[in-house]
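Worksheet: one structure, shown below.
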Amino acid sequence: MEGGLREVEESGEPGIEQSRPKRRIRSAVVEMAVLLVGAVVLAVLIKSFLIQPFEIPSQSMHPTLQVGDRVMVSKVSYLFSDPGRGDVVVFSPPGRFQPDRNVLEIVWHEVREAFGWYDISEADLIKRVIGTGGDLVEIRRDEIRVNGVLLDEPYLGSSTQEESITVVVEEDHLFLMGDHRARSSDSRVFGTVTTDNVVGKAVFRIWPFGRLGGI
């Protein structure tokens, strides 16, 4: 009896020892999964309420921003103030089609946005504020006057424009233009944009590293 009992006890010990590494591996996998989900949730929350990275897809803001640049867009800049003339903003243009997505597509879209795997052209645009509510904007070829004063635009490249436009900007609206006037579809095409459509203010270039800095 005793000998048999000892055999059972001794033969059971190796099994117990062998199961411990398996439990540690399962525990580590669960911890990694929890950390990964937590990181994604945190990134989505930060992207939704604080700051979000965007990739520049076109030349419309050249030379200020170039194709492939990545910028951080602050979503809190306009909580207590309105966009000002000269600000570079990301916004949803009027009439932009928003595709229907199922739950998985929505989640994947949010994750891509949160980590910057997303360019502005997929849903939004980035332009510079030229006129705000109540402003009289007059465009005469390469000159822009706001309320009769010639606008100083040191950020422009060598782009030219041919339009002659006069617009009185409605309250709570913005007149927006790209810095590369000849290659930009902006308020000259789709009109003014409501301040409610503004996603945030582009505040910092994070890529490429050689051109890190404010905007």
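Each value in this text was obtained by applying a stated rule to the coordinates, not by laboratory testing. Quantities reported herein were computed from a predicted structural model and do not represent experimental measurements. Because the Cβ atoms are built from the backbone with ideal geometry, glycine has one as well, and the counts that use them run over all protein chains shown.
Quick notes on this one:
- Counted residue by residue at 0.36 nm each, then reduced by the alpha carbon distance between them, the extension gain from residue 50 to residue 152 reaches 33.6 nm.
- Percentage of interatomic Cα-Cα distances in region 155-215 larger than 15 Å: 64 percent
- The slack between residue 30 and residue 165, meaning 0.36 nm per residue of separation minus the straight C-alpha distance, is 42.5 nm.
- A cut-off under 13 angstrom between Cβ atoms defines the neighbours of residue 192, and their net charge, with Lys, Arg +1 and Asp, Glu -1, is -4.
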